[in-house]
Amino acid sequence: QVQLVESGGGLVQPGGSLRLSCAASRSDDNINAMGWYRQPPGKEREWVASITRGGRATYAASVLGRFTTSRDSANKILYLEMNSLKPEDTAAYYCFRTPLNGPPSWGQGTQVTVSS
């Protein structure tokens, strides 16, 4: 199973920006979808964004227009560009990869804190 490692989290002021990265241990063309979930403090994990094998990206209503997910051509690095950040975006962010066959892989998470 491919290993995923997120990076790029940190502390940012409201209105600021961050870019998260999710690096896979190997490139893989047999990917059905990749994306992001987040878990705010004391709450359940929630879906944030996904990008399909064909490159179509979809977003949760709460981040639409502010967040953009993209990937490199080798399907080895997934990005989440986050703009106009709000305190309610504070969460641990997790990337995932869903293969065409087999269970999904998850990263260990990176913390994003939006606070003044």
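The values are calculated or read from the model by the stated rules, or taken from the named source; none is laboratory data. Keep in mind that this is a model prediction, so the values were computed, not measured. Here the Cβ is made from the backbone with ideal geometry for all residues, glycine too, and neighbour counts use every protein chain on show. Ligands, DNA and RNA are stripped out before the accessible areas are found, and what is left, the full protein with its side chains, is counted by its heavy atoms. Shrake-Rupley method; radii C 1.70, N 1.55, O 1.52, S 1.80 Å.
Only sites in a loop by DSSP and with at most 11 other Cβ atoms within 10 Å count here; which trypsin sites (Lys or Arg not before Pro) in the range 61-116 make the cut? Mind dumping the intermediate values first?
Numbers: sites: R66, R71, K76, R97; in loops: R66, K76.
Here no trypsin sites (Lys or Arg not before Pro) fit, given the DSSP loop and packing criteria.
Within the range 35-104, the GluC sites (Glu not before Pro) that combine a DSSP coil assignment with at most 14 other C-beta atoms in a 10 angstrom radius are E44.
Across the accessible surface of the chain, with the other protein chains kept in place and a 1.4 Å probe, carbon and sulfur atoms take up 47 percent.
For the range 1-50, report the accessible area per residue in Å² (1.4 Å probe, heavy atoms, rounded to an integer). Walk me through the numbers on the way to the answer.
Numbers: 2740 Å² over 50 residues.
Roughly 55 Å² per residue, with all protein chains present.
Across the range 79-100, the residues whose backbone nitrogen lies under 20 Å from the label position 7 Å along the beta-carbon direction of S116 are 83-91.
Averaging the sequence gap over all C-alpha pairs within less than 8 Å and six or more residues apart, then dividing by the number of residues, gives the chain a relative contact order of 38 percent. The distance from the alpha carbon centre of the range 1-57 to that of the range 63-83 is 8 Å, rounded to a whole number.
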